[in-house]
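Asks: I have a structure I would like to understand better, so I am pasting it below and will then ask my questions one at a time.
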Amino acid sequence: MAVVDIVKYNGGNGVYAWKHPNDNLSTWTQLIVNEAQEALLFKDGIALDLFPGGRYKLDTENIPLLSRLIKLPFGGRSPFNAEVWFINKTYALDIKWGTTTPIQIQDPKYGVFVSLRSYGQFGVRISDSKKFLVKLVGAMPVFDKDNLVQFFRGVYLTKVKDSLSSYLVHQKVSILEINAHLVELSQHMKDRISPAFEDYGIELVNFYVNDVSVPEDDPAVQKLKYALAKKAEMDIIGERKAKAPVTICPSCTRGVPVEGARYCPWCGSSLEGAL
């Protein structure tokens, strides 16, 4: 393959990392790096010089690490072999996620186990190009959104289950009430999932939970709904009792909460004229 004169990005949309197909370079090769991109040179599997957005001539002045490795002649025109990787550092904010199978979680208020599903979306940005390429991309010629979702699916699904459980327990929120707490739950999950992405040079920009659903025909869900309905009923009864007038028995001075009572249930005295 002939020495290439210009090396520039041609990886398409939705791609995080793309390797240029030609590794026959020279000290007169022009490297064009788009804005919001970085280019990284590799030699024999070793990550070397990193280039931000701009236009560069791959001479000894611009590639000091590679020059020392292969001893390029200073100021001369010399061919050499090196891989050029382009890394897109723009924000990708529309990556969908969802539980592939129901998650079994114990309701912290009522103790029953319920199967639930959840889905949402998250956004990422490559924060460390070298770490990203070395630890994640490896020898793949292209790394795109599908690769990222496939690689991290197991990670974030495990974290989703743990995060849901921990949030419900610490906040003492019933599973049937969780959709009223999606903003707080989303932030809680982001905080717990972010370190897994950072290990690979990726910044987790946001993580949103759009919905948490439970199967309506699940007996455990029906039991939960019944418990919530009874609790609401008891709360209403308790509120009514709290608002009911109390009559003070003139004989034993104890309160009689029954409105319109004629006799004290404690001592049997007449309540006529009592306040």
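Asks: Quick check on the exposure proxy: order S67, S186 from fewest to most C-beta atoms within 10 angstrom.
Replies: So the residues, fewest neighbours to most, are S186, S67.
Asks: What is the calculated FRET efficiency for F113 to R77, with r their C-beta to C-beta distance and R₀ = 51 Å, to the nearest 0.05?
Replies: On the way: r = 71 Å, r/R0 = 1.40.
Here the calculated transfer efficiency is 0.10.
Asks: Just the number, please: percent antiparallel of the DSSP beta bridges in segment 6-88, rounded to the nearest 5.
Replies: 85
Asks: Placing +1 on the Cβ of each Lys and Arg and -1 on the Cβ of each Asp and Glu in the chain, which of L93, Q106, L133 has its Cα farthest towards the positive end of the resulting dipole?
Replies: Projecting each Cα onto the dipole axis, the largest value belongs to Q106.
Asks: While we're here: Would you mind calculating the gained length between E198 and F151 on full extension (0.36 nm times residue separation, minus the Cα-Cα distance), in nm to one decimal?
Replies: 15.5 nm
Asks: Could you work out the relative contact order of the chain, using alpha carbon pairs under 8 angstrom and six or more residues apart, expressed as a whole percent? Provide the component values of the computation, followed by the final result.
Replies: Details: 466 pairs, mean separation 43.9, N = 275.
In percent, rounded to a whole number, it is 16.
Asks: Place +1 on the Cβ of every Lys and Arg and -1 on the Cβ of every Asp and Glu in segment 6-88, take the dipole about the Cα centre, and give the residue among V15, L31, T60 whose Cα lies farthest towards its positive end.
Replies: Highest projection toward the positive end goes to T60.
Asks: Multiplying the sequence separation of M234 and E177 by 0.36 nm and subtracting their Cα-Cα distance, what value in nm do you get?
Replies: 18.7 nm
Asks: Sort H181, H20, H170 by Cβ crowding within 10 Å, fewest neighbours at the top.
Replies: With the fewest neighbours first, H181, H20, H170 line up as H170, H181, H20.
Asks: Considering only the other residues whose Cβ falls under 13 Å of the Cβ of P79, what net charge follows from Lys and Arg at +1 and Asp and Glu at -1?
Replies: So the surrounding residues net to -2.
Asks: Answer with a single label: of (1) 28, 22, 19; (2) 26, 25, 18; (3) 71, 18, 13, which was calculated as semi-axes √(5λ) of the Cα gyration tensor in Å from the structure in view?
Replies: This structure yields the entry labelled (3).
Asks: Under 24 Å between alpha carbons, and skipping anything fewer than 8 positions from K225 in its own chain: which lysines qualify?
Replies: The reachable lysines, counting only those whose Cα sits under 24 Å from K225, are K109, K161, K172.
Asks: Can I ask one more? About the Cα centre, and with charges only on the beta carbon of Lys, Arg (+1) and Asp, Glu (-1), how big is the dipole of segment 60-160? Nearest 20 debye, please.
Replies: Dipole magnitude for segment 60-160 comes out near 200 debye.
Asks: Using the Kirkwood radius over Cα pairs, work out the Stokes-Einstein diffusion coefficient for segment 6-88 at 20 °C and 1.002 mPa s, in µm²/s as a whole number. Spell out each step's value before the answer.
Replies: Details: Rh = 12.8 Å.
Taking Rh from Cα pairs, D becomes 168 µm²/s.
Asks: Working out 0.36 nm times the residue gap between K135 and Y263, then minus their Cα-Cα distance, what length gain in nm do you get to one decimal?
Replies: 37.8 nm
Asks: Next question, about the same structure. Mind putting a number on the dipole of the chain about its Cα centre? Charges go on the C-beta only, +1 for Lys and Arg and -1 for Asp and Glu, and I need it in Debye to the nearest 20.
Replies: Taking the Cα centre of the chain as origin, the dipole is about 380 debye.
Asks: List every residue whose amide H lies under 5 Å from the amide H of W28, counting only residues 5 or more places away in sequence or on a different chain, with H placed 1.01 Å from N in the peptide plane.
Replies: Counting only residues 5 or more places away or on other chains, the set is S78.
Asks: Taking the DSSP beta bridges in the chain as the whole, what percent of them are antiparallel, to the nearest 5?
Replies: Roughly 95 percent of the beta bridges in the chain run antiparallel, per DSSP.
Asks: From Cα pairs below 8 angstrom and at least 6 apart in sequence, can you work out the relative contact order of segment 1-123, rounded to a whole percent?
Replies: 25
Asks: Along the Cα→Cβ direction, 7 angstrom out, place labels at Q222 and D44. What is the inter-label distance in nm?
Replies: 7.1
Asks: What's the center-to-center distance, using Cα atoms, between segment 52-104 and segment 165-201 in Å?
Replies: 35
Asks: Please give the calculated 222 nm ellipticity per residue for the chain, where each DSSP H segment of at least 4 residues contributes -39500 (n - 2.57) and the sum is spread over every residue; nearest 500 deg cm²/dmol?
Replies: Taken over the chain, the calculation gives -9500 deg cm²/dmol.
FYI, it's all coordinate maths here, none of it is from the lab. In this text the structure is predicted, and so the values were computed from the model without any measurement. Virtual Cβ from ideal backbone geometry, glycine too; neighbours counted across all protein chains shown.
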